[in-house]
1. Using a Förster distance of 41 angstrom, determine the FRET efficiency expected from the C-beta separation of Arg99 and Gln52, and round it to 0.05.
2. Hey, which of these cross-link pairs are over 27 Å Cα-Cα: Lys168/Lys217; Lys111/Lys168; Lys89/Lys111; Lys126/Lys173; Lys125/Lys173; Lys179/Lys217?
3. Determine, for each peptide in 226-234, 36-44, 125-133, 8-16, the mean count of other beta carbons within 10 angstrom over its residues, then list the peptides with the highest first.
4. Let's see if you can work this out: charge +1 on each Lys and Arg Cβ, -1 on each Asp and Glu Cβ, no other charges. What is the dipole magnitude of the chain about its Cα centre, in debye to the nearest 20?
5. For segment 50-125, which GluC sites (Glu not before Pro) are both in a DSSP coil and crowded by at most 11 other Cβ atoms within 10 Å?
6. Projecting each Cα onto the charge dipole of the chain (Lys/Arg +1, Asp/Glu -1 at the beta carbon, about the Cα centre), which of Ile82, Leu176, Tyr67 comes out farthest on the positive side?
Amino acid sequence: MGRKPYPSDLSDAAWELVRPMVHEAEPHAGKQPVDRREILNAILYTVRTGAQWRYLPHDLPNWRTVYEYFAKWSGDGTWERIEQALRPKARRASGRKPRATLAIIDSQTAKTSESGGPRGYDGNKKMLGRKRYLVVDSAGLPITHQHTPANVHDSQPAPELIREAKRKEPDLKVVLGDKAYRGGPIQRAAAAAGVRFEVGDKKERSSKFVPVPHRWKVERALAWHGRNRRLSKDVERTIESSEGVMAVASIGILLRRATSKSPK
């Protein structure tokens, strides 16, 4: 790499973890193939800094090429494969067993921009935009995520998210959620998937902040994702692109934990 590195660049250890899951760049007549590591570095730079694709620095690959691979890897399951491969490694680095048995689900509403695309009005948050749904394990590491217009109630995508979490974590036994996830359809979907769904709520009123056991971990994970400026507002035109950005942010979290030298 003949340039000064950016803070978002993959370390050598992180690159070795993701390299087997990233396809070789396609050759073009009369052009040198673009380094896969540099493409990933450019995508991570965009998600972390919030820069528009066409505003990528000139010492990174051409923005059209970078976006082309972002869209390709969002659509062909590359991001999901990387997340699946990294989670056990990140859990071990956190001093836990490689497979999760507990998961927590929550959502976050984000404003959209004038770029348009699917969106709705969240009457509870008084916001026009989209909802991000996130399921994490007991270490706060992402298991699965989904986006919908903000007018969709949290309970509607929950059954699919529970099924997806169980598919990705076969040892999963319990899923926790807040009171927005009450209802028979969610309980039936959880039972069919072979997990127990529990609604955690504060049982005692207090003038002080009292975190609900485990529930705070998904809120912390949403805050971790929010450190990526591309997620400070949903500027994507499509749900698929929003999902891709969320996946890249999740991969960044998993990589930092997987390459950590001391358990958290």
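1. For R0 = 41 Å, the calculated efficiency reads 0.60.
2. Checking Cα-Cα distances, Lys111/Lys168; Lys89/Lys111; Lys126/Lys173; Lys125/Lys173 exceed 27 Å.
3. 36-44, 125-133, 226-234, 8-16
4. My answer is approximately 980 debye.
5. Counting only loop positions with at most 11 other Cβ atoms within 10 Å, the GluC sites (Glu not before Pro) in segment 50-125 are Glu114.
6. About the Cα centre, the residue reaching furthest to the positive side is Leu176.
Read the figures in this text as sums done on the coordinates, not as results from a lab. This is a predicted model, so every value here is computed, not measured. Don't worry about glycine lacking a Cβ; one is built from the backbone with ideal geometry, like all the others, and counts go over all protein chains shown.
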